[in-house]
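A short write-up of the structure that comes next.
Derivation of every value follows stated rules applied to the coordinates shown; laboratory data play no part. This is a predicted model, so every value here is computed, not measured. Here the Cβ is made from the backbone with ideal geometry for all residues, glycine too, and neighbour counts use every protein chain on show.
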């Protein structure tokens, strides 16, 4: 098994999980990932409003479902669990209840009351209770350690293309399409206004993005705006997406997933609605050029794959 918050399920997390799956197969055991809900900060009251989660519980399940993991266990975080010292947690949860044979965790894993238990303590406990412990050192990608905090920092800058390289997938969020002001439709760019599922979900920096959207199983490229609509002196932050080549379908109440491909520009305050519309048309043309490039690269990869096969 492996344990941790596993927020992001990025390249380093997946490396550990694949080790768990392979190790379990070698010794004919079940592979298990243990994670926690809600985030411990909720219960501790430490900046819960500023968690900026990369992956919600449902997203974790969705990402992991295609792996060969035998199970995912969500431990409920409450004061009883948080007050459990590290030795008791290992003995009562890992050994007595789950009969662990091997634990694989990252070098920075902490557990038990006040996070006093460090990863290397698992080696000592393993010797006491009869299980093996493997501590995975930092995983590097492009000469940088892969960490959730680094990915959050990139998203806070709007660097979604760079964050995707550390995640090994495009950053995404899901929400319900809700009624907005109708301003986009008035400007000739109807948008789906999104109410994100979790208030803790990390939202990238304000700006205009090229996105890939899934709604009801249908896929569309989209032009997404995150911001306060500076041109109209509004103050409420919105997340809205104009679906390219989808017409103006009735989407209210539907769940929509957005994957962030590239950031096009900052949110800008224009002197008039007409100037904004001209810029939006330029953004749309820019999106089409980038989409053409993306499709060409996808076709090239398919051709290479076919040649190898």
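Quick one, what does Rg over Rh come out to for the chain if you take C-alpha atoms and the Kirkwood Rh? It would help to have the intermediate numbers written out before the result.
Details: Rg = 22.5 Å, Rh = 21.7 Å.
Across the chain, the Cα-based Rg/Rh ratio is 1.03.
What ranking of 304, 236 emerges when the number of other C-beta atoms within 10 Å of each C-beta is taken as an exposure proxy, fewest first?
Taking fewest neighbouring Cβ atoms as first place, the list is 236, 304.
Counting every Cα pair in region 2-140, what percent are over 21 Å apart? Show your work: numbers first, answer last.
Numbers: 3976 of 9591 pairs.
Counting every Cα pair in region 2-140, those more than 21 Å apart make up 41 percent.
With the crude spin-label approximation of a point 7 Å out along Cα→Cβ, what separation in nm comes out for residue 206 versus residue 101?
5.6
What Rg and what Dmax come out for region 257-296 when only alpha-carbon atoms are used, in angstroms?
12.2, 37
Sort 224-230, 114-120 by packing, meaning the average of other beta carbons within 10 Å per residue, with the highest value first.
Highest mean packing first, the order is 224-230, 114-120.
Could you work out [θ]222 nm for the chain from helices alone, using -39500 (n - 2.57) per DSSP H run of at least four and dividing by all its residues? Round to the nearest 500 deg cm²/dmol. If you can, show how the numbers build up before the last one.
Numbers: 9 runs with 99 residues, N = 309.
When only DSSP H runs of four or more count, the value is -9500 deg cm²/dmol.
For region 91-168, what is the percent of antiparallel DSSP beta bridges, rounded to the nearest 5?
45
Would you calculate the separation in nanometres between label points at residue 187 and residue 298, each defined as 7 Å from the Cα along the Cα-to-beta-carbon direction?
If labels sit at residue 187 and residue 298, their model points lie 2.7 nm apart.
Arrange the peptides 132-140, 293-301 so that the one whose residues have, on average, the most other Cβ atoms within 10 Å appears first.
132-140, 293-301
Which order do the peptides 61-72, 248-259 take when ranked by the mean count of other beta-carbon atoms within 10 Å per residue, highest first?
The densest-packed peptide leads the list: 248-259, 61-72.
Arrange the following residues from fewest to most other Cβ atoms within 10 Å of their Cβ: 179, 242, 110.
Least crowded to most crowded, the residues run 179, 110, 242.
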